[in-house]
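Taking it in order: structure first as structure tokens, then the write-up.
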Amino acid sequence: MKRAFIGLWLAILISAPLWMGKSYFLHVSIITGIFIIASMSLNLLLGFTGQLSLGHVMFFGIGAYFSALVSLGFKLEFGDHIALVVPPQPVWCGFLAGIGAAGFFGWIVGKISFKVRGAYFVIVSLSFAEVLRLVALNWVSLTQGPMALINIPPFAIDIPGIWQGKLYGDVPNYYIVLCAAGLSYVIIRRLVGSRAGRAMIALKENEALATSIGIDVTHYLVLASIVAGAICGMAGSLYAHYIGIIDPDVFSFIYTVTMIIMVIIGGKGTLAGPIVGGLIFGFFPEFLRGNVPPEIQWIVYGGLMIAIVFMLPEGIVPAFKQWFRVLRDNAAAMWSSRKQAAVKD
Amino acid sequence: MIARTTLLDVENIAIRFGGVQAISGLTFSVHNHELLSLIGPNGAGKTTAFNAISGFLRPSSGRILYRGQIINGLKPYQIASLGLVRTFQKTSLFERISVFENVLIGLHRHAQQKSWESLLALPRVAREEAELRDRANEIISFVGLGSRGGGRAGALAYGEQRLLGVGIALAAEPQLIMLDEPVSGMNPTETIRFMDMLQKIRQRGISILLVEHDMRMVMAVSDRVVVLNYGRLIADAIPDLIQKDPEVIRVYLGQEKKIA
């Protein structure tokens, strides 16, 4: 039953470009997919270690910028005579560099939050993201500042002598994002189901008790931060190579807010939560755009959010699980009572 | 008499909170395979001593040695990973997850898998997970919560929550377990059952340091009793002698009157 359900999901996702037709929907799907990846990484911190990272977009921006710069090539000048010149590298190098750099920043943030939890962690992460936005804005010789990095090359397949081509357009990018999302899902799922994941949940639920039974909570907070950073960096890198242009706005606070909404609405601390939340808040605004006058759109959007938070405070996925459990129990009860009746007859 | 090896040595520790001297010059030790009780009136410094030993507080002077190794200054998780595990006075659980998962988290120290091995889903990880589940079930039935494994920890009755707290600590495989008022809030039947469990814990070769107010239980289960008053040690003897100690009687009853 469960396997059939997953199979159906996969079939829908894989065949989507065939029946979606209009390329605009595919574009929305790709952007939604990228944000789902970022939300999944946020969920690892927020939902499993319990730390709200309000500057989560920093990893997204770092992934985007590092990936773009490495694939475009760049020049770093130290004083008048020394310069580091990096010629343009293949896109996959940039992709890995983006992931690595974001993971490294995840390590730094995790280390800094060594003693700060809760509200302090929120402030540290928020300031970090804002500082990085200012760096991207003002380090014009490297990042082009507000002029943006343009002509970022798309992903390319280069098998020498056999085939080589650039993966322009929506269909290839859709599959790239789908693979990346699948990979991220598997990584997070395996992590939270393991000893490390249980240590993270222990940190979220009761830190004093966790340390009293020998769990080095800081170690696992840093680990979660690195993995979340790297995955979010991957999302940023995918974004950069798909859109082809990035400016310091990739560090905008509003992106963090979007990810948090996706996680909270879907159900934080559940594996499917960010996916469900991401699908709803990725497609819903587009659906509204086509059917409702603009002044109503935001009212409906906000109203829906308030309604969900009020009625399903734990998020959609936990609520559905609860309903499913009740339904199944009722069905089982009915079945057994019918059996008893049959025996009596 | 068997040769006694000491497990825990508390040597002359002092703890100050601002101007309040919570503990001064406290010295005692726990021997291997012993059940030592730490008693005293409210505010005597029992829980403070517990917090110091388990690394949640730092003594301002003195030393604490566990198996000959100085442990004051270590972090709580480091002390726990040496095999010295505590429970808390206020019930402390991972409340929003199931009883089973609580114990599974407690097995952290026992599990060997590295994070990257879990990411690659190596076969040995799956084997270990299966083994951990068996072990968790075994501990849950050991503390008498056999039928409650699937329920939410926070939904247990109060006495059961205290049992689960002990179960989590046992999962961390202590050689010395420190129990902070484990039977407070339990009814007499539950207390008697808990006393049986203490014996079973000792049969596993685990030493116990107990803080408790229930004197009947303390006198029944302890090998030795240490009495604190205003942060000072006033008696250290076997239960029979403690019950006759005039200083202890004075502290508990407040008057130098003859006790019938």
Quiz item: What are the residues in segment A:109-132 that are closer than 18 Å to A:Y65 by Cα and free of Cβ contacts under 8 Å to residues at least 24 places away in the same chain, if any?
Solution: A:V131
Quiz item: Do any residues in segment A:172-190 that are more than 14 Å from chain B (Cβ to nearest Cβ) have Cβ atoms under 7 Å from those of residues that are polar (S, T, N, Q), where the two are at least six apart or on different chains, and which pairs are they?
Solution: A:Y174/A:S29
Exercise. State which residue pairs qualify: first residue surrounded by fewer than 19 Cβ atoms within 10 Å (Cβ to Cβ) and inside segment A:237-261, second residue acidic (D, E) and in a helix (DSSP H, G or I) in any location, beta carbons under 8 Å apart, and separation of 6 or more residues or different chains.
Key: A:F253/A:E130
Practice problem: For segment A:209-239, enumerate the residues that are of a type in the set (S, T, N, Q) and either away from chain B (no Cβ under 12 Å) or part of a loop (DSSP other than H, G, I, E, B) (or both). | Solution: A:S225, A:S237
Practice problem: Determine, yes or no, whether A:F95 is touching a residue at least 60 places away in the same chain (Cβ under 8 Å) and closer than 19 Å to A:F253 by Cα. | Solution: no
Exercise. May I ask you to list the residues in segment B:105-126 that are at the interface with another protein chain (Cβ under 8 Å from one of its Cβ atoms) and in contact (Cβ under 8 Å) with a residue 60 or more places away in the chain?
Key: B:I105, B:G106, B:H108, B:R109
Quiz item: Considering segment B:34-44 alone, what residues qualify as being surrounded by 17 or more Cβ atoms within 10 Å (Cβ to Cβ) and either touching a Ser or Thr at 6+ places or on another chain (Cβ under 9 Å) or not small (G, A, S) (or both)?
Solution: B:E34, B:L35, B:L36, B:S37, B:L38, B:I39
Exercise. Among the residues of segment B:41-70, write down those that are in contact with a Lys or Arg (Cβ under 9 Å, 6 or more places away or on another chain), assigned to a loop (DSSP other than H, G, I, E, B) and within 14 Å of chain A (Cβ to nearest Cβ).
Key: B:S54, B:G55, B:F56
Practice problem: Give the number of residues within segment A:240-279 that are over 15 Å from A:M40 (Cβ atoms) and assigned to a helix (DSSP H, G or I). | Solution: 11
Exercise. Output the residue which, of all residues in segment A:111-143 that are among the aromatic types (F, W, Y) and not in a loop (DSSP other than H, G, I, E, B), is surrounded by the most Cβ atoms within 10 Å (Cβ to Cβ).
Key: A:F121
Quiz item: Does any residue in segment A:144-160 that is modelled with pLDDT of 80 or more and in a strand (DSSP E or B) come within less than 9 Å, Cβ to Cβ, of a residue that is surrounded by fewer than 16 Cβ atoms within 10 Å (Cβ to Cβ) and not basic (K, R) six or more places away or on a different chain, and which pairs are these?
Solution: A:L149/A:I245
Self-check item: Residue that is modelled with pLDDT of 85 or more and either in contact with a Cys (Cβ under 9 Å, 6 or more places away or on another chain) or facing another protein chain (nearest Cβ under 10 Å) (or both), where the choices are B:F94, B:F100
Solution: B:F94
Quiz item: Considering A:F66, A:F105, A:F74, which residue is of a type outside the set (S, T, Y), farther than 18 Å from A:G182 by Cβ, touching a Phe, Trp or Tyr at 6+ places or on another chain (Cβ under 7 Å) and touching a residue at least 24 places away in the same chain (Cβ under 8 Å)?
Solution: A:F105
Quiz item: How many of the residues making up segment A:36-59 are part of a helix (DSSP H, G or I) and either surrounded by fewer than 24 Cβ atoms within 10 Å (Cβ to Cβ) or polar (S, T, N, Q) (or both)?
Solution: 4
Quiz item: Are any of the residues in segment A:5-21 under 21 Å from A:F105 (Cα atoms) and part of a helix (DSSP H, G or I)?
Solution: no
Quiz item: Conditions: (1) of a type in the set (A, V, I, L, M); (2) part of a helix (DSSP H, G or I); (3) more than 14 Å from the chain's Cα centre (by Cα). B:A80 meets all but one. Number of the miss?
Solution: (3)
Exercise. Might you let me know whether segment B:155-174 holds any residue that is polar (S, T, N, Q), more than 10 Å from every other protein chain (Cβ to nearest Cβ) and under 30 Å from B:Y66 (Cα atoms)?
Key: yes
Self-check item: Number of the exception - A:P313 against (1) at pLDDT below 85; (2) surrounded by 13 or more Cβ atoms within 10 Å (Cβ to Cβ); (3) outside any helix (DSSP H, G or I); (4) not polar (S, T, N, Q)
Solution: (2)
Quiz item: strands (runs of 3 or more DSSP E) wholly in segment B:147-260 with at least 2 residues that are surrounded by fewer than 19 Cβ atoms within 10 Å (Cβ to Cβ), touching a strand residue (DSSP E or B) at 6+ places or on another chain (Cβ under 7 Å) and modelled with pLDDT under 90 - which ones?
Solution: B:232-237
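The values are calculated or read from the model by the stated rules, or taken from the named source; none is laboratory data. All values reported here derive from a predicted model rather than from experimental measurement. FYI the Cβ positions are ideal-geometry reconstructions off the backbone, even for glycines, and counts take in every protein chain you see.
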